[in-house]
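Visitor: Structure provided below as structure tokens; questions to follow.
What follows draws every value from the coordinates through simple rules; no lab data is involved. Given the structure is predicted, the values throughout are model-derived calculations rather than measurements. All Cβ positions, even for glycine, are placed from backbone atoms using ideal geometry, and neighbour counts span all protein chains on display.
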């Protein structure tokens, strides 16, 4: 007999997380694209490039993906004019990626759409509830990211 989720807050949380992940996947599939040729899976690349130029390997690490996948996504973004390749300021032999003006415009449009969607979704939440949820979600994401880094370093130490 499976454990009763009401007996453990982490079991209940796990059940809710499975539901939320599935729902977010469905929302992502149904959401209109900001650009017909940019896969929403590439959006995190744009978000990470907004702060500073990065090498493909650093970008892959930042989005927790493999270099070959990120390299393919970057090639599309470069071909579409949203990302440019240039010399890495720390090592001129290497290339760094940065957003173009068009890439920045696309990122702004993505963020504005996301904000409108969240605003509508959370319309009956108080500002305090939204802020508290944001704080808890950021804390959870940081712990999850740290856990991934620990798991990855254990695998590479073997």
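Visitor: By how many degrees, between 0 and 90 and to the nearest 10, does the Cα long axis of helix 9-30 differ from the longest principal axis of the chain?
Guide: 50
Visitor: For the ranges 34-40, 44-50, 12-18, what's the packing order if you count other beta-carbon atoms within 10 Å of each residue, average per peptide, and put the highest first? Kindly include the intermediate steps, with their values, before the conclusion.
Guide: On the way: 34-40: 13.7, 44-50: 19.4, 12-18: 11.6.
Listed from highest to lowest mean packing, they are 44-50, 34-40, 12-18.
Visitor: Which residues in the stretch 44-75 have a backbone N closer than 14 Å to a point placed 7 Å from the Cα of residue 105 along the Cα-to-Cβ line?
Guide: Residues passing the 14 Å test: none.
Visitor: Sticking with the crude label model, points 7 Å out along Cα→Cβ, report the distance from residue 68 to residue 115 in nm, one decimal please.
Guide: 3.9
Visitor: Given N residues in the chain, what is Rg(Cα) / (2.2 N^0.38 Å)?
Guide: Working: Rg = 18.9 Å, N = 158, 2.2 N^0.38 = 15.1 Å.
Its radius of gyration relative to the 2.2 N^0.38 Å reference: 1.25.
Visitor: A further question on this structure: Please give the helix 101-121 orientation as an angle from the longest Cα principal axis of the chain, in degrees from 0 to 90, rounded to the nearest 10.
Guide: 10
Visitor: Starting from the Cα of residue 123, step 7 Å along the direction of its Cβ; do the same at residue 20; then give the gap between the two resulting points in nm.
Guide: The answer from the label model is 2.2 nm.
Visitor: How many Å³ per residue does the convex hull of the Cα positions in the stretch 11-52 occupy? Numbers along the way, then the final one.
Guide: Working: hull volume 3.5 nm³, N = 42.
Spelled out: Cα convex hull of the stretch 11-52, divided by residues, is 82 Å³.
Visitor: Rounded to two decimals, what is Rg over Rh for the stretch 36-123 when you use alpha-carbon atoms and the Kirkwood radius? Let's see the in-between values first.
Guide: On the way: Rg = 13.8 Å, Rh = 13.5 Å.
Dividing the radius of gyration by the Kirkwood radius yields 1.02.
Visitor: So what is the calculated 222 nm ellipticity per residue for the chain, using -39500 (n - 2.57) for each DSSP H run with n of 4 or more, over all residues, to the nearest 500 deg cm²/dmol?
Guide: Details: 6 runs with 101 residues, N = 158.
Result for the chain: -21500 deg cm²/dmol, rounded to the nearest 500.
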